[in-house]
Structures are given as C-alpha cells and as structure tokens.
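No value in this document is a laboratory result; all are computed from the given coordinates. If you're wondering where the values come from, they're calculated on a predicted model, not measured in any experiment. Quick reminder, even Gly has a Cβ in these numbers, built from the backbone with ideal geometry, and neighbours come from all protein chains shown.
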C-alpha cells in the first residue's frame with residue numbers, strides 16, 4: 001500500500017540517525033585518545049585527558065539514553081501506522097456479497113477448494129472486504145481440523161492470504177524492523193549488519 005510505504009523509510013532513517021550519533025561520539029572518543037597519546041608534555045596531556053573524559057561521558061550518555069529515546073519514537077510510529085492501517089484497510093459494507101455470505105454460512109457444503117475459488121474470484125474483482133470474509137470463514141473451518149489434515153493447509157493458506165489486505169502483513173514488517181532496531185540499540189556490534197538484515201524489508205514495505 002503506497003501511502004504506507006514511508007513507514008519503512010521512517011524506521012530506516014530512525015536507525016541511521018541512531019547509528020550516526022553513536023558513530024560520531026565513538027570517533028570523538030578515539031580522536032581524544034589519540035590526542036592523549038600524542039601529548040608532548042604534562043600540561044598538554046592533562047588537557048587531552050580532560051577532553052577524553054568529556055568525550056567518554058558524552059558517549060556513555062548516548063549509549064545510556066539514546067536507545068530508550070529511539071524506541072519511544074518507534075512506539076509512536078507504530079501507533080500511527082496501526083491507525084493508518086485501520087483506515088486504509090477498513091471493511092467496506094458496500095462490498096458485501098449476501099449470496100456468497102449465505103453459502104459460507106453453510107459450512108458443511110463447503111470444500112477447501114471452494115474457499116480458494118471464492119477467494120480468488122473476489123480478489124480478481126478487487127473486493128477486499130469479501131476476500132477477508134472468505135478468509136475468516138476458511139480460518140474458522142481450519143480450526144475444526146487436525147493440523148496434519150491436507151485440508152487444513154489449504155484452508156490455512158486462504159486465511160493467511162488476506163493478511164496482505166488487512167494490514168497484518170504491514171504491521172508484521174514494521175515489527176521485524178522494530179525488533180532489529182531494538183537489538184541494534186542494545187548491541188552496538190550489530191550496527192554494521194543493519195542493511196543486511198533490513199534492506200529488503202524497507203524496500204518492499
């Protein structure tokens with residue numbers, strides 16, 4: 001859903017802001033350490049050591065406070081995304097097909113292939129509301145079967161197909177990015193792996 005794509009980029013930018021702040025602070029510490037080593041006399045060494053302590057304090061403050069601030073922003077973004085998903089993927093009563101719903105109510109006459117056919121029919125027509133109705137009915141039917149039953153897999157497939165038109169897939173992608181960012185803020189060694197772990201999700205958000 002194009003109007004929700006920016007949330008993936010927002011998360012990527014948030015992560016990069018965090019990583020940039022950490023990188024800048026870490027470089028300042030290393031530069032201060034080098035100044036201490038290069039000091040040629042005691043006064044210069046004392047000045048350099050004082051600056052090193054200042055930069056170390058600044059770096060420690062970032063490591064202590066920025067993760068929480070970053071994850072607070074993640075929560076705000078998630079709340080906004082959830083609200084937008086509710087709006088974008090809202091059920092439209094005008095799209096309800098009463099004849100199809102009557103058939104779905106007669107669960108005993110429905111075969112797994114019937115759910116697939118009905119779902120595909122409404123998907124081809126762009127009727128997202130009825131796709132969700134069919135998927136919901138398929139899910140209820142699947143709950144009554146053993147997971148090892150081949151029919152269960154077919155029904156489950158129909159049920160999951162609706163996730164892309166209900167906002168569930170979008171929220172799941174966001175939560176994966178949020179989890180990666182949380183792990184990164186807790187373990188700075190993961191910073192070099194951010195693109196490797198998230199680039200595809202951000203691109204296809």
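If I take R0 = 30 Å and measure r between the Cβ atoms of residue 123 and residue 66 in this structure, what FRET efficiency does the formula 1/(1 + (r/R0)^6) give, to the nearest 0.05?
Once the sixth-power term is evaluated, E becomes 0.10.
Sorting 85, 131 on the 10 Å Cβ count, fewest up front, what's the list?
Taking fewest neighbouring Cβ atoms as first place, the list is 85, 131.
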What label, among (i) 61; (ii) 68; (iii) 55, belongs to percent of Cα pairs over 20 Å apart computed from the structure on display?
-> (ii)
Sequence-separation-based contact order of the chain, relative, with Cα cut under 8 Å and 6+ spacing, percent = 24
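Using the number of other C-beta atoms within 10 angstrom as an exposure proxy, rank 47, 108, 70 with the fewest first.
Fewest to most other Cβ atoms nearby, the residues stand as 108, 47, 70.
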Looking at the square roots a ≥ b ≥ c of the eigenvalues of the Cα gyration tensor of segment 38-128, which shape do they give, rounded for a/c under 1.5, prolate if a/b is larger than b/c, or oblate?
-> prolate
Separation between the residue 105 and residue 172 pseudo-spin-labels, each 7 Å from Cα along Cα→Cβ, expressed in nm?
-> 3.1
Segment 14-38 and segment 135-169: distance between their alpha carbon centers, rounded to Å = 50
Quick one: angle between helix 150-161 and the longest Cα principal axis of the chain, in degrees between 0 and 90, rounded to 10, please.
-> 60
